[in-house]
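This report refers to the structure that appears directly beneath it.
The values are calculated or read from the model by the stated rules, or taken from the named source; none is laboratory data. Computed from a prediction, not measured in an experiment: that's the story for all the values here. Cβ placement follows ideal geometry from the backbone for every residue including glycine, while neighbour counts extend to all protein chains displayed.
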Amino acid sequence: MAHISDLIASDIDTYLDKHQHKTLLRFITCGSVDDGKSTLIGRLLYDSHMLFDDQLAAIEKDSQKWGTQGDQIDFALLVDGLAAEREQGITIDVAYRFFSTENRKFIVADTPGHEQYTRNMVTGASTADAAIVMIDARKGVLTQTCRHSYIANLLGIEHLLIAVNKMDLIDYSQVQFDAICQAYTAFASKLGIKNFTFIPISAFKGENITAPSQSMPWYHGPSVMQFLESVPVQSKTNQTKPLRIPIQWVNRPHLDYRGFTGTIASGTLKLGDRVQVQPSGKQSTIKQIISPDSPQEAGCNLAVAGQAISFTLEDEIDISRGDVISHADAPAEVADQFEATLIWMHEEPLLPGRQYWLKIGAQTVTATITSIKYEVNTNTLEHLAANHLNLNSIAHCNINLDRPIPFDAYGENRQTGGFILIDRISNNTVGAGLINFALRRSHNIYIQNVDVNKLARAKLKLQSPKVIWFTGLSGSGKSTIANLVEKQLHQMGMHTYLLDGDNIRHGLNKDLGFTDEDRVENIRRIAEVAKLMVDAGLIVLTAFISPFRSERQMARELFPAGEFIEVFVDTPLALAEQRDPKGLYKKARNGQLKNFTGIDSPYEAPESPEIILKTSQNSAEELAAQICNFLKLGQDPK
């Protein structure tokens, strides 16, 4: 068992019932490298009898190999997920451990201390009720101490234990301990951290872990275990918050039953409650609640935060996966633009204007970071200007979504205020965010309906509007071919407009340079202009390098199926450089032109364009004719 109890022998049923109803505390250990996180966890497992004889034998064997003797066991050799993953050559991640005492059950996340793995610390902290911030007594407060404390506070962890470890290596000096406490308190006060407790420990020797240390009689506070057993559990406090149920599944096994399934993120739900579906705003009354503990025929009268339930409504209303159920008199906020704090977790930088998938609860929407307001230096708390975010950067940003979503500010509800960002090309999780508030303009801007629409304009012109998106290296022949295509279309009586990269930079985009951030914004603007022109019933040709797949995909998704024709002007770099009609490749090779595509800035070739043009095999006139034949023009729009 996880621990020894007299009830196991005398009254096993009572013991099992007591064990089943224990509260569960999730906490993390964090801090700088080699501060003793894994050793502390090993000691907690050992002192709660979670280590078995064969594991102890393995530890003792490894300890002898490292030169330790007697009861001085290196517990980190067993539980250090970082070391184990290094040996296996796999990605360093968060190591989770479970243990329990007579009073409570625990899940602890051992997070790496290296700065490049801060994203793993974010993963562990996102569901934690408490954090143990380790500080090496010999080194004091370090940059990573501040970074992890900042993130823990940012993610809503209200209870921090500042464990000043390795006190045995400084002769249990109270003076040094007090100095560390003073330095950390000064930092915490700037950050607004209120609930933190200092405990001097030696994880290696087990001092102040489960019992008071005889070596530090000057310390009269709780042990680590006493602290962990007394921390409030978030699942209990969530029950007092407004009702939020993100819908995960719509269940209809037969015609007479339509149930909705989800885990209650916060609040309580009772039979007869009047609820609201968001974002639609439709209302109904709870007819039946079914939990795993209740038979479907009978159901239950009450469900609370943390429970997975199904329920039915009195009215037949439309509910989909990702919708949120709230009490009718206390709904969540609904908006499509908000300010958020973003933690960037990927080697590829975040670029404003680029689209990502935003996943919040069970809902996934398309999101664009419209602006970075400022980046935060987590060591000094200074606000820094930034035009992109690198790995581990933390910043306040404005975010725009493709549709409204229900949410709460993260400070009010972690479950409905936190989200992740996913790269739309690689499907990698690249960021984690906390919603702060909705932008006022998200409630003040509406779509104005007009009577003359795209179909009417297209019928007047006797054509099917679309955009022909030319992409390729500089000097590949995009503008030349696009110009020839427009001439042929014009001769056929088609209504067209050519948006050329160089021409646009003399006006609409004259404020943009050639950094990755500016290239993203350049294509975003052109895509929106092309969308307006297609709405006007025109056939639009765009000739831009548009080097990134992500932005070309963004442009494609602005149009219905069949209206976006991607044309890859496939010209080898050597041939484009040989042509070099503007002398740009020569300047780039000489270092006179930075961020030039194909030289020191990447070009991501299309993977499945509608048309591929091989300029090394055909003339520009022949390639233009290929495009006109592909379009099958001359047909009236449907």
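Of the helices (runs of 4 or more DSSP H) that lie entirely inside the range 533-638, those containing 3 or more residues that are touching a residue at least 24 places away in the same chain (Cβ under 8 Å) and surrounded by 13 or more Cβ atoms within 10 Å (Cβ to Cβ) span 549-556, 573-579, 620-631.
Of all residues in the range 124-148, those being free of Cβ contacts under 8 Å to residues at least 60 places away in the same chain and buried (at least 19 other Cβ atoms within 10 Å of the Cβ) number 1. If you go through the range 98-109 and keep only what is touching a Leu at 6+ places or on another chain (Cβ under 8 Å) and of a type in the set (D, E, K, R), you end up with R104, K105. You will find that of G262, G267, the residue that is buried (at least 20 other Cβ atoms within 10 Å of the Cβ), of a type outside the set (D, E, K, R), modelled with pLDDT of 90 or more and in contact with a His (Cβ under 8 Å, 6 or more places away or on another chain) is G267 and no other.
The set of residues in the range 167-187 being under 18 Å from T380 (Cα atoms) and in contact with a helix residue (DSSP H, G or I) (Cβ under 7 Å, 6 or more places away or on another chain) consists of F187 alone.
Conditions (1) assigned to a loop (DSSP other than H, G, I, E, B); (2) within 22 Å of G537 (Cα to Cα); (3) out of contact with any strand residue (DSSP E or B) (no Cβ under 9 Å at 6 or more places or on another chain), marked per residue:
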position: S464; (1), (2), (3): yes, yes, no
position: V467; (1), (2), (3): no, yes, no
position: K487; (1), (2), (3): no, yes, yes
position: L498; (1), (2), (3): no, yes, no
position: N509; (1), (2), (3): yes, no, yes
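Answer yes or no: is there a residue in the range 421-433 that is outside the structural domain of I151 (by TED's automatic domain parsing) and either more than 23 Å from M554 (Cβ to Cβ) or over 18 Å from the mean Cα position of the chain (by Cα) (or both). Looking through the range 421-433, none of the residues is outside the structural domain of I151 (by TED's automatic domain parsing) and either more than 23 Å from M554 (Cβ to Cβ) or over 18 Å from the mean Cα position of the chain (by Cα) (or both). Scanning the range 489-509 for any residue that is on the phi > 0 side of the Ramachandran plot and outside the structural domain of L350 (by TED's automatic domain parsing) turns up at least one such residue. Restricting F204, F187 to those that are at pLDDT below 95, out of contact with any strand residue (DSSP E or B) (no Cβ under 7 Å at 6 or more places or on another chain) and not in a helix (DSSP H, G or I) reduces the list to F204. Quick check: anything in the range 451-468 outside the structural domain of E347 (by TED's automatic domain parsing), over 27 Å from E158 (Cβ atoms), of a type in the set (A, V, I, L, M, F, W, C) and at pLDDT 95 or above? Yes, the range 451-468 contains a residue that is outside the structural domain of E347 (by TED's automatic domain parsing), over 27 Å from E158 (Cβ atoms), of a type in the set (A, V, I, L, M, F, W, C) and at pLDDT 95 or above. Taken over the range 270-305, the criterion of being at pLDDT below 90 and assigned to a loop (DSSP other than H, G, I, E, B) is satisfied by S291, P292, D293, S294, P295, Q296, E297, A298, G299, C300, N301, A305.
Once the range 114-159 is narrowed to residues that are assigned to a loop (DSSP other than H, G, I, E, B) and touching a strand residue (DSSP E or B) at 6+ places or on another chain (Cβ under 6 Å), the residue that is modelled with the highest pLDDT is A137.
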